[in-house]
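Structure record follows, encoded as structure tokens.
Every read-out reported here was derived from the displayed coordinates using simple, explicitly stated rules and does not represent laboratory data. The structure presented is a predicted model; accordingly, all values stated were derived computationally and were not measured. Neighbour counts run over all protein chains shown; Cβ positions are idealised from the backbone, glycine included.
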Amino acid sequence: MIELRRYQRAPLEVDVAFTLKGGQERLAGRSKDISLGGMFVLTAKPAAFGAEVVIYATLPGEKAPFAMPGVVRWCRPDGMGVQFGNLGARETHAITELTKAP
């Protein structure tokens, strides 16, 4: 099978929270993998396809959580695939470090 992904993925299992754009309620989830392009979030309450979200996650080696904006690109009953929007330099560096080949 040919891998068509644009960015290298890395497994990442950390607790995350997310909010819908403009919303206040933080919903719980757990990441499964991450790349510069996005993240898969396991959650009992996935946001709808096309929803704008902000994911809050503390990546390995970081002291505080990042707020990473994104759009839900696909859903299934147990989670959602989120495509990241514009990430800052710190977020980009942290994800690049996690996903670079050994």
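Dividing the convex hull volume of the alpha carbon atoms of the chain by its residue count, what do you get in Å³ per residue?
108
Per 0.36 nm of contour for each residue apart, how much would the distance between Glu13 and Ala28 grow if the chain were fully extended, relative to their Cα-Cα spacing?
Value of the extension gain: 4.1 nm.
Between Ala44 and Lys100, what FRET efficiency follows from the Cβ-Cβ distance if R0 is 41 Å, with the result rounded to 0.05? Please report the intermediate quantities before stating the final value.
On the way: r = 32 Å, r/R0 = 0.79.
Taking R0 as 41 Å, the efficiency between Ala44 and Lys100 is 0.80.
Simple spin-label model, 7 Å along Cα-to-Cβ: Arg90 to Ala67 in nm?
Spacing of the two 7 Å Cα→Cβ label points: 1.2 nm.
Between Leu20 and Tyr56, 0.36 nm times their residue separation minus their Cα-Cα distance comes to what?
Length difference between fully extended and current span is 11.8 nm.
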